[in-house]
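Participant: Structure provided below as structure tokens; questions to follow.
The values are calculated or read from the model by the stated rules, or taken from the named source; none is laboratory data. Predicted model only: the values in this text are computed from it and were never measured. When we count neighbours, we look across all protein chains shown, and the Cβ atoms used for this are built from the backbone with ideal geometry, even at glycine. When the accessible area is computed, the model is the full protein with side chains, heavy atoms only, and any ligands, DNA or RNA have been set aside. Shrake-Rupley method; radii C 1.70, N 1.55, O 1.52, S 1.80 Å.
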Amino acid sequence: RVVELTDADAEQLFPVMAMLEARCAHEAALRAGDDTMLHLQRLHDQLERCAAERDIDGYYRVNHEFHSLVQRLADNRWLDRATGDLRRFMRLWRGRQLTLAGRLEASIDEHRELLAAILQRDAQRAERAMHAHLMAQLAALKALQLQERQAGPAPRAGRRRA
């Protein structure tokens, strides 16, 4: 089944996903073992390299792995199911918002804060950092949409398929 999403749908989906992923970060900070923390650190190191090289495609790919790992580390099957179901819709916008000037740098800074909180097992801070990260993505997407509207008609439609 194909679902068409408008850019306006992002304003409803991002806050929901922010709550879910924030809870994943909270639970991951409490439950993750040392070996999985090391895996999370390695993914973050890859994000750093991609950001330094301005490799948006690579960053997007590793970012997806990073967020998926945080979701798994939460070790909550109901949270995993709800987050996983919505993640496929989020993928449509997550890569797109990284093209906004300065967003890649902001995103890696947000990841640094998130990783530090998880590694320190500070669940509340991890939850706040993840929530802020998702809401920053929405703000960037809206800024990008505004730029596109101001630039005139785009060659592609404003709808995305999931």
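Participant: Which loop-located GluC sites (Glu not before Pro) does the stretch 1-104 contain, where loop means any DSSP state but H, G, I, E or B and the Cβ has at most 15 other Cβ atoms within 10 Å?
Facilitator: Answer in residue order: E53.
Participant: Would you calculate a helix-derived [θ] at 222 nm for the chain, using -39,500 (n - 2.57) for each DSSP H run of n ≥ 4 and dividing by the full residue count, to the nearest 500?
Facilitator: Estimated from H runs of four or more residues: -27000 deg cm²/dmol.
Participant: Further question on the same structure: Evaluated at 10 °C with a viscosity of 1.306 mPa s, what Stokes-Einstein diffusion coefficient in µm²/s does the stretch 44-89 have when Rh comes from the Kirkwood expression over alpha-carbon pairs?
Facilitator: Once the numbers are plugged in, D ends up at 139 µm²/s.
Participant: Got a number for carbon plus sulfur as a percent of the stretch 1-104's accessible area, 1.4 Å probe?
Facilitator: 50
Participant: Compute the accessible area per residue over the stretch 8-133, keeping the other protein chains in place, probe 1.4 Å, unit Å².
Facilitator: Ligands and nucleic acids excluded, the result is 48 Å² per residue.
Participant: I'd like to know how the stretch 90-151 sits against the 2.2 N^0.38 Å rule of thumb: what's its Cα Rg over that expected value?
Facilitator: 1.24
Participant: Longest exposed-loop-site-free stretch of the chain, with trypsin sites (Lys or Arg not before Pro), DSSP loop and at most 13 other Cβ within 10 Å?
Facilitator: 55-155
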